[in-house]
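One structure is given below, encoded as structure tokens.
The values are calculated or read from the model by the stated rules, or taken from the named source; none is laboratory data. Predicted model only: the values in this text are computed from it and were never measured. Cβ sites come from the backbone with ideal geometry, for glycine too, and all protein chains shown count toward neighbours. We work out accessible area using only protein heavy atoms, side chains counted, and drop any ligands, DNA or RNA first. Shrake-Rupley method; radii C 1.70, N 1.55, O 1.52, S 1.80 Å.
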Amino acid sequence: KEYIFNLIDTPGHVDFNYEVSRSMAACEAAILLVDATQGIEAQTVSNTYLAIDSDLEIIPIINKIDVQNADYESVSKQLIDLLDCSKDEILYISAKDGTGTQEVLNAIVDRIPPPKTTGNNGTRALIFDSTFDQFRGVVPYVRIVDGYLEKGMSTKYFAKSGTHEITEVGV
């Protein structure tokens with residue numbers, strides 16, 4: 001089977017709490033990547049609680065298992081305490097040499113539920129980020145909740161009155 005993964009890389013620093021929470025609102029799951037040489041840090045705990053509060057499936061992963069000073073046994077215990085998960089749920093990888101990367105892809109397919117729809121007849125989307133391009137204007141990043149978007153459609157916003165024509169759509 002072929003799959004399309006829509007991945008959002010969020011900043012790990014606690015100063016980006018709002019950006020992380022907006023990204024999590026657009027997701028079904030979170031990949032919790034912990035460095036085997038550093039263990040769980042304060043911002044990791046903060047972002048994990050955001051994922052838990054967002055009712056996301058969490059895939060715990062310990063990276064850098066190939067590094068000489070890796071302490072993945074201690075980091076495993078930290079993850080088990082934080083997530084109340086079993087050791088079997090934790091994936092051990094080395095992004096540097098590719099060890100365990102196929103298991104990560106398999107876990108995404110096996111553990112993450114597909115997006116839920118309400119069966120609503122209209123289109124609903126969540127804007128989770130945006131940029132401004134001097135030639136194209138505002139470029140919103142959206143998660144489609146129901147329906148679809150295509151060039152030529154009009155949008156209506158709930159937080160702000162007014163409508164806009166969609167001039168371009170990408171994935």
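For region 63-83, name all the residues that are within 17 Å of Ile93 (Cβ to Cβ), without any contact (Cβ under 8 Å) to a residue 24 or more places away in the chain and in contact with a helix residue (DSSP H, G or I) (Cβ under 8 Å, 6 or more places away or on another chain).
Answer for region 63-83, where residues must be within 17 Å of Ile93 (Cβ to Cβ), without any contact (Cβ under 8 Å) to a residue 24 or more places away in the chain and in contact with a helix residue (DSSP H, G or I) (Cβ under 8 Å, 6 or more places away or on another chain): just Ser76.
Can you go through Glu103, Glu41 and tell me which one is modelled with pLDDT under 95 and open to solvent by 40 Å² or more (accessible area, probe 1.4 Å)?
Sole residue among the options that is modelled with pLDDT under 95 and open to solvent by 40 Å² or more (accessible area, probe 1.4 Å): Glu41.
Go through region 72-96 and count every residue that is open to solvent by 40 Å² or more (accessible area, probe 1.4 Å), within 16 Å of Leu33 (Cβ to Cβ) and assigned to a loop (DSSP other than H, G, I, E, B).
2
Kindly indicate which of Ser54, Ser76, Ser86, Ser94 is touching a Cys at 6+ places or on another chain (Cβ under 9 Å) and modelled with pLDDT of 85 or more.
Residue meeting the stated conditions: Ser54.
Which condition from (1) surrounded by fewer than 17 Cβ atoms within 10 Å (Cβ to Cβ); (2) modelled with pLDDT of 90 or more; (3) closer than 27 Å to Asp110 by Cβ is the one that Lys64 breaks?
(1)
Tell me which of these Asn69 doesn't satisfy, since it passes every other one: (1) closer than 26 Å to Pro115 by Cα; (2) at pLDDT 90 or above.
(1)
Just need a number here: residues in region 66-106 that are of a type in the set (Gly, Ala, Ser) and touching an Asp or Glu at 6+ places or on another chain (Cβ under 9 Å).
Selection size over region 66-106: 2.
Select from region 26-38 the residues that are assigned to a strand (DSSP E or B) and more than 20 Å from Asp129 (Cα to Cα) and write down the one among them that is least open to solvent (accessible area, probe 1.4 Å).
Of everything passing the filter in region 26-38, Val34 is least open to solvent (accessible area, probe 1.4 Å).
Kindly indicate whether any position in region 5-14 is within 25 Å of Asp129 (Cα to Cα), outside any helix (DSSP H, G or I) and open to solvent by less than 30 Å² (accessible area, probe 1.4 Å).
no
From the list Phe158, Phe128, Phe132, exactly one residue is in contact with a helix residue (DSSP H, G or I) (Cβ under 6 Å, 6 or more places away or on another chain) and either closer than 23 Å to Ala25 by Cβ or not in a loop (DSSP other than H, G, I, E, B) (or both). Which is it?
Phe128
For the structure I just gave you, tell me whether Leu50 is closer than 23 Å to Val109 by Cα, in a helix (DSSP H, G or I) and among the aliphatic types (A, V, I, L, M).
yes
Out of region 121-156, which residues are of a type in the set (Ser, Thr, Tyr), over 20 Å from Glu19 (Cα atoms) and surrounded by 10 or more Cβ atoms within 10 Å (Cβ to Cβ)?
Thr123, Thr155
Go over the candidates Thr155, Thr117, Thr99 one by one and state the one that is among the polar types (S, T, N, Q), out of contact with any Ser or Thr (no Cβ under 7 Å at 6 or more places or on another chain) and under 23 Å from Ile8 (Cβ atoms).
The conditions single out Thr117.
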